[in-house]
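Working notes, structure below.
The values are calculated or read from the model by the stated rules, or taken from the named source; none is laboratory data. This one's a predicted model, so the numbers in the text were calculated from it and none came from an experiment. We place every Cβ from the backbone using ideal geometry, glycine too, and count neighbours over all the protein chains shown.
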Amino acid sequence: MQMPEPSAGILARKAEIVAGLRDRLPADAVISDPAETRAYECDALTAYKCPPLAVVLPASTEEVAAVLAYCHAERVPVVPRGSGTSLAGGALPTADSVILGVARLNDVIETDYPNRIIRVQSGRTNLSVTGAVEADGFFYAPDPSSQLACAIAGNIAMNSGGAHCLKYGVTTNNLLGVTMVTMEGEVIELGGAHLDAPGYDLLGLICGSEGQLGVVTEATLRIIHKPQGARPILMGFDSNEVAGACVSDIIRAGVLPVAIEFMDRPCIRACEAFAKAGYPDVEALLIVEVEGAEAEIAEQLSKITEIARRHNPVELRESRSETESALIWKGRKAAFGAMGQINDYMCLDGTIPVTELPRVLGRIGELSKEYGLDVANVFHAGDGNMHPLILFDANADGQLETCERLGAEILKLCVEVGGCLTGEHGVGVEKRDLMMTQYSADDLEAQLAVKDVFDPRWLLNAAKVFPLDATANRRSAA
Amino acid sequence: MRPGSEAELADCVAGLTGPVAVRCGATRAPDAGDLPVLSAAGLSGITLYEPGALTLVAGAGTPMAEIEETLSAEGQMLAFEPMDHRHLTGRDGVPTIGGAVAVNASGPRRIQAGALRDSLLGVRFVDGQGRVIKNGGRVMKNVTGYDLVKLMAGSHGTLGVLSEVAIKVLPAPDARAVLLFNGLTDAEAVEALCAAMGSPFDVTGAAHLPAGVDGDPVTMIRIEGFEGSVALRAKALAAHLVRFGTPEVERDMGRTAAGWAFVRDLKGFTQADAAVWKISVRPSDGPKVGAALRAAQPDVGIVYDWSGGLVWAEWPDTGDLRVHLAGIPGHATLVRAGRGATGAVPRFAPEPAPVARLSEGLRAKFDPRGLFNPGLMTAHV
């Protein structure tokens, strides 16, 4: 993986730039000691590291604006950072960049139940948004698995999803407004407590733009009342094809479960060894969860059970208590931890049309043999968002590279069958060089044009999302 | 100009020498005036429909009726309940999916299921230089690159001409219940709607007509789903809202569908010469909008949808209604100019300078020659 050469001019001016930042921020909000900037050298994609020039931790929109205006004037690259949980390297610095962390922006500004909104500063963690309203029966729906740590700013940058998207949508569907600072240091308001944009849907455009179009400092989010209850059912099948067909039939029948999770045999075995959830040793396992009052849950589960039985399940286990529900989810929730116990792993994130599930799983199996690395599959089947986990040994010579090549093959396969490279993690640096498999040069040019409008000097997180050679002229002209 | 394929459309745009009015079914947009019309209506037909994946892909010119019939045959529907603008515009054209996307046409279900833009998975369009651009795709979760899909939804044909769209569809409900409260004031009604939306009963429609079919105020709250669940939630919701009175509960599928179509298409607005405005505010501010407009113009007709967050005004006046709403955050769009309007009132709310610069920058990139619907979305016509 390549990153652009840092600007020698910027590196040479480090002392001056740090002083300029200190002029604009409180003393403890600027970090420049190499021992301390090390903490910001990577995000959750830990394979790639690079300490930044400096780190700033502004505590208000005004401070963010002051930093960006200064960096814009001085042509210093800026990399925005939420909580640093990106799996795609979205917050990976370059040596000549200033990391702008939003960790100190974590207040709740307004909670309004009649209008079902909460307004928060963007450094607040995803789970603590729900934490602020759950005593009153409400929650914030997008639930990425890093929700304990990840910041709303990062959720907006990556348009994060989670396990419950089939019913509640992803971040963009639950975001009503933002305060955003442009690279030039201008503060703009997009959306608010009302619905829909007066002109172009700029809010929709900045959500998922990976911190390349502006820095979001505040967000108005949709909160909804918690359902009265929820209950999962576990089903085991003796082939991926049959499990895939069952998912499709459930959706066709008009049931819209809140989650449909799929695990294949390698994943089931690893989770079972780790979490001891009592999973059957089958080829494919589905966990389907429905919500509502008790009678509604029963009505939906009876429909789902009826459909599942037509597919001759090896196992059909409907939860009858909180304890049983927790047990059904226990293995699934431990999936990533279980994999981590066995080996190093790379987690992919391609999305495919649900109908292509059996074919794609079959082909992943073949590729796995070809490359000599095991792949376990666990994913959100309802919306086709796959998470193949490639197991490898980081200490073995060349295995990381083999793993990356296999990963690229799997993602190309996702695109080939009508899907995409990334469903919820973002492109970052990780999938940057695969963009041309999904988009034509004209398709990419249209996206680059958007960045030209928002950040004409290409200073904001500029080495991400697009292949470096596609952006080289723009970055050097800036 | 009515190209029959995407390639023809691209050639057509590349060969343009001056501005055009971009249209599809021509049921929603203002009159083209002197501009030649470039119609995408010829790009018609459903190219992919996978009920098991809740996905449909169609040419921009595909009639809404064709899409709705196809979905209905599989027990599915469009999530966003698009408005049919013909009652308002008096046009006799055929509403198309491309036209709906161009105006982000979202009806009563928007408050629960999201706007059209939330169901839009992918687009193909031709930009102002005649280049075919695709963005998004046909899968529900996709964060690969920038989301130009949202940008195109509601851009009124000013950034490109849509050729194909991919949408997420939903199962159609088996059963429906509509709770009807009679005689509430606007303030009471919106309070009831907000209380309903804030309940766990998954309300899919929340509207208030200060003058219903028989001229009296009626407040409508909709619940949909499987029969057992609907019956249960309707009862629980009535109990939850008991402080607003005892509602009638309408269960007939045909009558309830007609009732919501009446709200969605503004069939209660019958003054053909009046302007029609669409006002988007924080739901609890809806009654403030209603009161301010009535104080300025006693003959105004009002409909509240989206829990009070969407206020429709039938405005018998050619002046700018926005001047009466100062201090209420949100925005107002002129959907139909009234008789005698001079064109001096901007259709779209003027944007603050830094936002307007971004919008103009995007227009300059996507349509550098200023070909598509010039002036339509700029604040100062």
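Some observations on this one:
- Hey, B:Pro350 assigned to a loop (DSSP other than H, G, I, E, B), facing another protein chain (nearest Cβ under 10 Å) and not β-branched (Val, Ile, Thr) or not: yes
- Checked against (1) at the interface with chain B (Cβ under 9 Å from one of its Cβ atoms); (2) assigned to a loop (DSSP other than H, G, I, E, B); (3) under 22 Å from B:Ile133 (Cα atoms), A:Glu424 meets all criteria but (3).
- Among the candidates B:Thr270, B:Thr318, B:Thr342, B:Thr256, residue that is in contact with a Lys or Arg (Cβ under 7 Å, 6 or more places away or on another chain) and either within 28 Å of A:Leu202 (Cβ to Cβ) or among the polar types (S, T, N, Q) (or both): B:Thr256
- Residue count for the stretch A:372-392, restricted to those that are farther than 12 Å from A:Met346 by Cβ and either of a type outside the set (A, V, I, L, M, F, W, C) or within 14 Å of chain B (Cβ to nearest Cβ) (or both): 10
- Those residues of the stretch B:143-160 which are within 7 Å of chain A (Cβ to nearest Cβ) and either farther than 21 Å from B:Ala102 by Cα or of a type in the set (Gly, Ala, Ser) (or both), in sequence order: B:Val143, B:Thr144, B:Gly145, B:Ala153, B:Gly154, B:Ser155
- The stretch A:201-218, residues that are part of a loop (DSSP other than H, G, I, E, B), facing chain B (nearest Cβ under 7 Å) and in contact with a strand residue (DSSP E or B) (Cβ under 7 Å, 6 or more places away or on another chain): A:Cys207
- With respect to the stated conditions, B:Gly136 is of a type in the set (Gly, Ala, Ser), closer than 24 Å to B:Glu8 by Cβ, facing another protein chain (nearest Cβ under 9 Å) and touching a residue at least 12 places away in the same chain (Cβ under 8 Å).
- All of (1) in contact (Cβ under 8 Å) with a residue 12 or more places away in the chain; (2) more than 9 Å from chain A (Cβ to nearest Cβ) hold for B:Ala332 with one exception: (2).
- Residue pairs whose Cβ atoms lie under 6 Å apart, separated by 6 or more positions or on different chains, with the first residue in the stretch A:432-450 and buried (at least 19 other Cβ atoms within 10 Å of the Cβ) and the second of a type in the set (Ser, Thr, Tyr), are A:Gln438/B:Thr144; A:Gln447/B:Tyr146; A:Val450/B:Tyr146.
- Picking from residues in the stretch A:429-458 that are facing another protein chain (nearest Cβ under 10 Å) and part of a loop (DSSP other than H, G, I, E, B), the one that is farthest from the chain's Cα centre (by Cα) is A:Pro456.
- Filter result (surrounded by fewer than 12 Cβ atoms within 10 Å (Cβ to Cβ) and either within 30 Å of the chain's Cα centre (by Cα) or not in a helix (DSSP H, G or I) (or both)) within the stretch A:1-25: A:Gln2, A:Glu5
- Residues being touching a strand residue (DSSP E or B) at 6+ places or on another chain (Cβ under 9 Å) and either touching a residue at least 40 places away in the same chain (Cβ under 8 Å) or assigned by the TED database to the domain that holds B:Val149 (or both) - total across the stretch B:346-372: 5
- Extreme residue, nearest to the chain's Cα centre (by Cα), among residues of the stretch A:255-304 that are among the hydrophobic types (A, V, I, L, M, F, W, C) and part of a loop (DSSP other than H, G, I, E, B): A:Val258
- The residues on offer are A:Tyr168, A:Tyr200, and the sole one that is aromatic (Phe, Trp, Tyr) and crowded, with 24+ Cβ neighbours inside 10 Å is A:Tyr200.
- The sole residue among B:Val213, B:Val178 that is under 22 Å from B:Glu250 (Cβ atoms) and at pLDDT below 95 is B:Val213.
- Residues in the stretch A:333-360 that are within 17 Å of A:Ala47 (Cα to Cα) and without any contact (Cβ under 8 Å) to a residue 60 or more places away in the chain: A:Gly340, A:Asn343, A:Asp344, A:Tyr345.
- Condition met for B:Ala274 (in contact (Cβ under 8 Å) with a residue 60 or more places away in the chain, farther than 27 Å from A:Glu189 by Cβ and more than 14 Å from chain A (Cβ to nearest Cβ)): yes
- Of the residues making up the stretch B:271-327, those that are polar (S, T, N, Q) and farther than 20 Å from B:Gly212 by Cβ are B:Ser280, B:Ser284, B:Gln297, B:Thr318.
- Failed item, numbered, when B:Ala187 is tested on (1) closer than 21 Å to A:Asp112 by Cβ; (2) surrounded by 18 or more Cβ atoms within 10 Å (Cβ to Cβ): (2)
- For first residues located in the stretch B:72-94 and closer than 11 Å to B:Asp265 by Cβ, partners that are surrounded by fewer than 16 Cβ atoms within 10 Å (Cβ to Cβ) and of a type outside the set (S, T, N, Q) and lie 6+ apart or on another chain with Cβ distances below 8 Å form the pairs B:Arg86/B:Asp92; B:His87/B:Lys267.
- Taken over the stretch A:288-329, the residue count meeting the criterion of being out of contact with any Ser or Thr (no Cβ under 9 Å at 6 or more places or on another chain) and either of a type in the set (Gly, Ala, Ser) or in the same structural domain as A:Gly162 (by TED's automatic domain parsing) (or both) is 4.
- Scope the stretch A:130-152; condition farther than 18 Å from A:Gly90 by Cα and either buried (at least 23 other Cβ atoms within 10 Å of the Cβ) or in the same structural domain as A:Gly84 (by TED's automatic domain parsing) (or both); matching residues: A:Tyr140, A:Pro142
- Residue-level check: of (1) in contact with a helix residue (DSSP H, G or I) (Cβ under 7 Å, 6 or more places away or on another chain); (2) crowded, with 21+ Cβ neighbours inside 10 Å; (3) more than 27 Å from B:Val300 (Cα to Cα); (4) not assigned by the TED database to the domain that holds B:Ala58, B:Thr158 misses just (4).
The rows are residues; the columns are (1) facing chain A (nearest Cβ under 8 Å); (2) within 22 Å of B:Ala41 (Cα to Cα).
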site	(1), (2)
B:Asn104	yes, yes
B:Leu120	no, yes
B:Val123	no, yes
B:Val126	no, yes
B:Leu162	no, yes
B:Phe181	no, no
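- From A:Leu444, A:Leu421, residue being under 22 Å from A:Cys42 (Cβ atoms) and not assigned by TED's automatic domain parsing to the domain that holds A:Asp96: A:Leu421
- A residue that is closer than 22 Å to B:Gly308 by Cβ, aromatic (Phe, Trp, Tyr) and in a loop (DSSP other than H, G, I, E, B) can be found somewhere in the stretch B:79-98.
- The strands (runs of 3 or more DSSP E) located wholly in the stretch B:15-72 that include 1 or more residues which are among the aromatic types (Phe, Trp, Tyr) occupy B:46-50.
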